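Notes for the one structure printed next.
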Amino acid sequence: MRRVKSSNEFFDILDQIGDNKFVTIGYVTGANLDIPKVQRKNPLTNRMKGYEDYSSFGEEIGALVKITSYNMRYRKRGIIGKQYKDYKNSANAIRGEYGLPPIGDKENDYKERMNFGGGIDTYKGGNEALAGHSYNPQNTYGVVPKSVTYAINKEGHIVKALSKEEILPYLKKKRAIDGVSALQKMGVEEDRIKEYIQKIENLKFQYKNFEANSILWIAATVNGEKIVYINDNLARTVNDININPQDFIKIANERYQKDLMQLQENVRKTVIRLTESDMIRIINESVKSIIREMSEFKNNNNYSHFAVNKTTGKIVNGWDYAGEDPEDLRQFKRDYFINDLIDNDLNPKEYKIVTDKFLRRQGIDPDDNNNWANN
């Protein structure tokens with residue numbers, strides 16, 4: 001196993017030899033829950049400021065921090081840049097059809113390419129606090145992240161991992177696709193808004209900019225070699241509290257081992273096993289179609305049950321419970337399904353659990369990636 005020293009080095013390795021390879025990224029952010037606020041004086045400015053009230057989680061709790069694991073296919077930074085440009089052009093064309101302004105530049109768009117291997121993106125906007133920060137953008141469309149939320153005390157140490165039941169009352173409603181709110185304010189009919197949502201979804205692009213200082217670990221298996229990065233210089237401030245990196249590094253050392261095993265399983269599942277009839281078929285196909293088939297990623301791994309968004313009709317998750325007693329699945333729905341939705345930051349009230357047969361009767365093919373989304 002190879003340990004690398006920085007996320008920039010890790011991504012540069014993948015840029016050289018690992019495009020479209022499975023990778024897992026552990027990422028640290030604020031929990032972003034709907035927490036009530038209290039007013040108290042900010043010691044830095046001596047002015048009143050709204051702070052989240054964490055008293056329901058414990059008297060000494062100073063902030064909530066979320067560690068999210070993204071299990072995904074890594075794309076080279078140059079490829080992502082082109083994909084984002086193409087997406088932005090296509091999305092702006094769609095927005096124009098509905099009377100919406102084009103997508104404007106965000107803070108993350110103000111970057112410059114620095115000389116490191118294949119080049120890294122560093123911030124060059126007007127926010128001094130972000131000066132020198134480096135980023136690695138990826139397309140996370142179709143990725144179902146898994147998250148654990150931790151309560152930390154006012155010294156930045158982890159107190160405990162919060163249970164799903166503790167988090168559920170504070171889940172925020174999933175953010176709508178950009179432009180939906182504007183269309184609603186314009187009085188656009190619901191059917192036309194759904195049409196707009198579908199067109200944007202069909203672009204299959206969700207831009208995620210991974211900030212290097214907030215990456216806790218990265219794990220990948222490339223050409224049989226295990227590569228791991230653990231961020232010994234983790235830097236994250238949440239609710240004015242500097243989180244203690246050692247507590248999170250301990251979690252990283254536990255998690256990346258599991259991620260490597262999962263990555264190897266993903267690779268195993270994507271290996272195509274050829275029978276004699278397959279060989280005959282391959283002979284009659286072009287090389288181009290073979291390459292496309294071998295590289296295609298399938299969301300459906302022979303799942304028997306699926307979670308479907310009640311509004312969009314899109315599949316967001318799947319489970320293989322073909323051998324389970326249907327009565328157990330109904331009686332213990334929370335254990336089999338609901339807890340997974342909560343782990344993935346999905347509000348269970350917004351989704352229905354259905355079987356493979358039910359989906360197909362409704363004319364929805366779970367083998368078609370177009371019928372999947374990440375929320």
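The values are calculated or read from the model by the stated rules, or taken from the named source; none is laboratory data. Only a predicted model underlies this, so the values are computations on that prediction, with no experimental measurement involved. Reconstructed Cβ throughout: ideal geometry from the backbone, glycine too, with neighbour counts over all protein chains shown.
The table below lists the values:
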{"item": "Residue pairs meeting the criteria (Cβ under 6 Å; at least 6 apart or on separate chains; first modelled with pLDDT of 95 or more, in segment 82-101; second among the basic types (Lys, Arg))", "result": "ILE94/LYS199"}
{"item": "Condition met for GLU254 (modelled with pLDDT under 85, surrounded by fewer than 15 Cβ atoms within 10 Å (Cβ to Cβ) and closer than 28 Å to ASP12 by Cβ)", "result": "yes"}
{"item": "Verdict on ILE230 being in contact with a strand residue (DSSP E or B) (Cβ under 6 Å, 6 or more places away or on another chain) and not acidic (Asp, Glu)", "result": "yes"}
{"item": "Top-ranked residue in segment 291-322 [being surrounded by 11 or more Cβ atoms within 10 Å (Cβ to Cβ) and of a type in the set (Gly, Ala, Ser); ranked as modelled with the lowest pLDDT]", "result": "ALA322"}
{"item": "Some residue of segment 145-166 being without any contact (Cβ under 8 Å) to a residue 24 or more places away in the chain and farther than 29 Å from ASN244 by Cα", "result": "no"}
{"item": "The one condition in (1) under 24 Å from ASP34 (Cβ atoms); (2) small (Gly, Ala, Ser); (3) in contact (Cβ under 8 Å) with a residue 60 or more places away in the chain that ALA220 fails to fulfil", "result": "(1)"}
{"item": "Residue check, LYS174 buried (at least 17 other Cβ atoms within 10 Å of the Cβ), within 30 Å of ASP53 (Cα to Cα) and not hydroxyl-bearing (Ser, Thr, Tyr)", "result": "no"}
{"item": "Filtered residues of segment 180-226 (kept if aliphatic (A, V, I, L, M) and closer than 19 Å to ASP15 by Cβ)", "result": "ALA212, ILE215, ILE218, ALA219, ALA220, VAL222"}
{"item": "Residue ID - surrounded by the most Cβ atoms within 10 Å (Cβ to Cβ), chosen from residues in segment 214-240 that are touching a helix residue (DSSP H, G or I) at 6+ places or on another chain (Cβ under 9 Å) and outside any strand (DSSP E or B)", "result": "ASN231"}
{"item": "Search result, residues across segment 46-100 that are of a type in the set (A, V, I, L, M) and farther than 20 Å from ASN244 by Cα", "result": "MET48, MET72, ILE79, ILE80, ALA91, ALA93, ILE94, LEU100"}
{"item": "The listed residue being out of contact with any helix residue (DSSP H, G or I) (no Cβ under 6 Å at 6 or more places or on another chain) and surrounded by 12 or more Cβ atoms within 10 Å (Cβ to Cβ), out of ASP325, ASP335, ASP340", "result": "ASP340"}
